[in-house]
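These notes concern the structure reproduced below.
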Amino acid sequence: MNQFDNYIDGEWVRGATTSANLNPSNLDDVIGEFAQADDAQTRDAIAAARRAFARWSLSTPQQRFDLLDQAGSVILARKAELGRLLAREEGKTLPEAIGEVGRAGQIFKFFAGEALRIGGESVPSVRPGMTVEMTREPLGVIGLITPWNFPIAIPAWKIAPALAYGNTVVIKPADLVPASTWELVKIIAEAGAPAGVINLVMGRGSVVGEAIVNSPDVDAVSFTGSVATGRAIGAKCFATGKKFQLEMGGKNPMVIVDDADLDVAVEACINGAFFSTGQRCTASSRLIVTEGIHDRFVDALKARMKALKVGDALADGTHIGPVVDDRQLQQDERYIAVAREEGGEVFGGERVEASTRGYFLAPALVTNTTAAMRINREEVFGPVATVIKVKDYHEALAVANDTEFGLSAGICTTSLSLASHFRRHVQAGMVMVNTATAGVDYHAPFGGRKGSSYGPREQGSYAREFYTTVKTSYINPGAV
Ligand code: NDP
């Protein structure tokens, strides 16, 4: 059995114990035994990152560019192989997984460039002769805590800016999917990261995650995952004086109005609601449809759903891979049952038989729902979407905003004025017009409002707001 160690201070080290990483398409397929760090080992990783910060924070932009550019090239060159590993451990389809790895490679390339573009600002002082300059400096040791649904892209979009701006890193990947992050860290190490600059500690959130969040030697924490865990981490970071950034859930609306192009709307909803098994924080989980197009839209969507093939993530022709694990599968089924009890009509949503032991669930569409139902208020995180029928666009907008979340929102319309009105008035960090609520560019800011996010945006040049701190200098040139 392959054994995969933690990476601390430039060395691969055995964990306190190990844990098996299983393929959700085939539970008889064990990807490997992955180290589980304990509290002491996590503290070793943090101490190594602290020591390495002294030099890495003073490294030249060229050194940081070279490291990230090289890592990006290797990720892109190995994207088919790494995509296969990712599909095997997380369960998204092979094309989706290869796409995710490609995105991780592009992120490294982008932040290689950002290391050179960091720049600063200068303003004339209000005082005679004085100059005021704003420069950016790294924060220190960054703790990264990542979820299971994007096993390489999310670690990439946190590690790359952290290193680009001169910080050092301790990363804890989700316990369910450590393999892709393990490969990513190995690539960064082999690309020439000095010892201690990047450290990997695999294991449980309640052990490793807690040790990172509670450590006085960690300067900042970037987290993606559930609202409950995120808020608990935020409170601890505040108590220990850390900067923190939280990316949490969504209950993303997709509005379809009477003048929408039906084919565009159906494709946007199939993609947004069901691809990646609906396990995306940007998934379209609420389809808000005006009454003039409602019946035609629902019929067309159901017909398209029937043609979706659910199965092994690695098999040719699979559109929807398995749910990530048994706990998530039970959560999806529980919500489908709740929707039924609340009066929703459920199409699909049954378990799918396969030749392997896996967590296969047919996509579910719940019609006849209202905005007040639990199924429309809580994040399911599976291939489950609801339809809420509304009178007109204005009611649709009100329902879209009637949520504690605010990550992504979409509208399908052929009217420029409705699209413009929606873009201005929907309460979300990202707005999509005639395209799925999920699926974003790697060089543009990502994040939400309300209960979905806390702190500065991730990705693109906006990432520097989190990963750097600003220094303002006042320079008096003296008498001339
Ligand atoms: P969590 O929020 O519990 O986990 C996210 C990360 O936080 C994981 O690395 C986890 O470790 C870690 N963690 C857990 N507890 C702690 C802690 N006390 N201190 C520090 N770190 C901790 O999400 P789950 O994976 O349990 O998924 C549960 C639900 O969260 C899903 O059903 C879904 O609704 C939502 N979710 C949302 C995501 C998003 O992108 N918005 C992504 C994933 C999940 P470990 O893996 O070891 O538990």
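The values are calculated or read from the model by the stated rules, or taken from the named source; none is laboratory data. Remember, it's a predicted structure, so these values are computed and weren't measured experimentally. Counting neighbours? That spans all protein chains shown, and the Cβs are built from the backbone with ideal geometry, glycine included. Accessible surface is based on the protein model in full, side chains and every heavy atom, while ligands, DNA and RNA are left aside. Shrake-Rupley method; radii C 1.70, N 1.55, O 1.52, S 1.80 Å.
For this structure, a couple of remarks:
- Restricted to segment 135-179, and to residues there that are of a type in the set (A, V, I, L, M, F, W, C), more than 14 Å from the ligand (Cβ to nearest atom) and part of a helix (DSSP H, G or I), the residue that is farthest from residue 86 (Cα to Cα) is 164.
- Meets criteria (in contact (Cβ under 8 Å) with a residue 60 or more places away in the chain and within 20 Å of the chain's Cα centre (by Cα)) for residue 147: yes
For (1) in contact with a Gly (Cβ under 9 Å, 6 or more places away or on another chain); (2) among the charged types (D, E, K, R); (3) touching a residue at least 24 places away in the same chain (Cβ under 8 Å); (4) surrounded by fewer than 16 Cβ atoms within 10 Å (Cβ to Cβ), each residue gets a yes or a no:
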| position | (1), (2), (3), (4) |
| --- | --- |
| 438 | yes, no, yes, no |
| 441 | yes, yes, no, yes |
| 455 | yes, no, yes, no |
| 461 | no, no, yes, no |
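- Of all the residues in segment 208-217, those that are more than 8 Å from the ligand (Cβ to nearest atom) and under 20 Å from residue 151 (Cβ atoms) number 0.
- Selection of segment 259-306 for residues being within 16 Å of the ligand (Cβ to nearest atom) and over 16 Å from residue 367 (Cα atoms) yields 272, 275, 276, 277, 278, 279, 280, 281, 282, 283.
- Consider segment 331-355 and keep the residues that are of a type in the set (Gly, Ala, Ser) and part of a loop (DSSP other than H, G, I, E, B). The one that is most open to solvent (accessible area, probe 1.4 Å) is 355.
- Conditions (1) β-branched (Val, Ile, Thr); (2) open to solvent by less than 30 Å² (accessible area, probe 1.4 Å); (3) outside any strand (DSSP E or B); number of the one not met by residue 74: (2)
- Any hit, segment 307-330, residues being open to solvent by 10 Å² or more (accessible area, probe 1.4 Å), polar (S, T, N, Q) and either within 16 Å of the ligand (Cβ to nearest atom) or assigned by TED's automatic domain parsing to the domain that holds residue 89 (or both): yes
- The residue of segment 79-97 that is farthest from residue 186 (Cα to Cα), among those that are free of Cβ contacts under 8 Å to residues at least 24 places away in the same chain and open to solvent by 50 Å² or more (accessible area, probe 1.4 Å), is 95.
- Complete set of residues in segment 346-380 that are basic (Lys, Arg) and either under 21 Å from residue 281 (Cα atoms) or in contact (Cβ under 8 Å) with a residue 60 or more places away in the chain (or both): 357, 374, 377
- When segment 258-299 is filtered for residues that are in contact with a Leu (Cβ under 6 Å, 6 or more places away or on another chain) and among the aliphatic types (A, V, I, L, M), only 266 remains.
- Subset of segment 400-431 (residues that are open to solvent by less than 20 Å² (accessible area, probe 1.4 Å) and within 23 Å of residue 302 (Cα to Cα)): 400, 409, 410, 411, 412, 413
- Restricting segment 114-132 to residues that are without any contact (Cβ under 8 Å) to a residue 40 or more places away in the chain and within 37 Å of the chain's Cα centre (by Cα), the residue that is nearest to residue 65 (Cα to Cα) is 119.
- Looking only at segment 257-281, and only at residues there that are touching a Gly at 6+ places or on another chain (Cβ under 6 Å) and not in a helix (DSSP H, G or I), the one that is surrounded by the most Cβ atoms within 10 Å (Cβ to Cβ): 281
- Taken together, the residues in segment 54-71 that are assigned to a loop (DSSP other than H, G, I, E, B) and surrounded by fewer than 15 Cβ atoms within 10 Å (Cβ to Cβ) amount to 2.
- Filter result (within 12 Å of the ligand (Cβ to nearest atom), open to solvent by less than 10 Å² (accessible area, probe 1.4 Å) and β-branched (Val, Ile, Thr)) within segment 194-207: 201
- Residues that are aliphatic (A, V, I, L, M) and without any contact (Cβ under 8 Å) to a residue 12 or more places away in the chain do occur in segment 326-345.
- Number of residues in segment 181-193 that are outside any loop (DSSP other than H, G, I, E, B) and more than 13 Å from the ligand (Cβ to nearest atom) equals 9.
- Restricting segment 218-256 to residues that are within 10 Å of the ligand (Cβ to nearest atom) and among the polar types (S, T, N, Q), the residue that is surrounded by the fewest Cβ atoms within 10 Å (Cβ to Cβ) is 226.
- Output for segment 439-480, where each listed residue is more than 26 Å from residue 113 (Cα to Cα) and either in contact with a strand residue (DSSP E or B) (Cβ under 7 Å, 6 or more places away or on another chain) or hydrophobic (A, V, I, L, M, F, W, C) (or both): 453, 454, 474, 475, 479, 480
- Of all residue pairs spaced 6 or more apart or on separate chains, those with beta-carbon atoms under 7 Å, a first member in segment 381-397 that is assigned to a helix (DSSP H, G or I) and open to solvent by less than 10 Å² (accessible area, probe 1.4 Å) and a second member that is more than 16 Å from the ligand (Cβ to nearest atom) and of a type in the set (A, V, I, L, M) are 396/255; 396/257; 396/288; 396/390.
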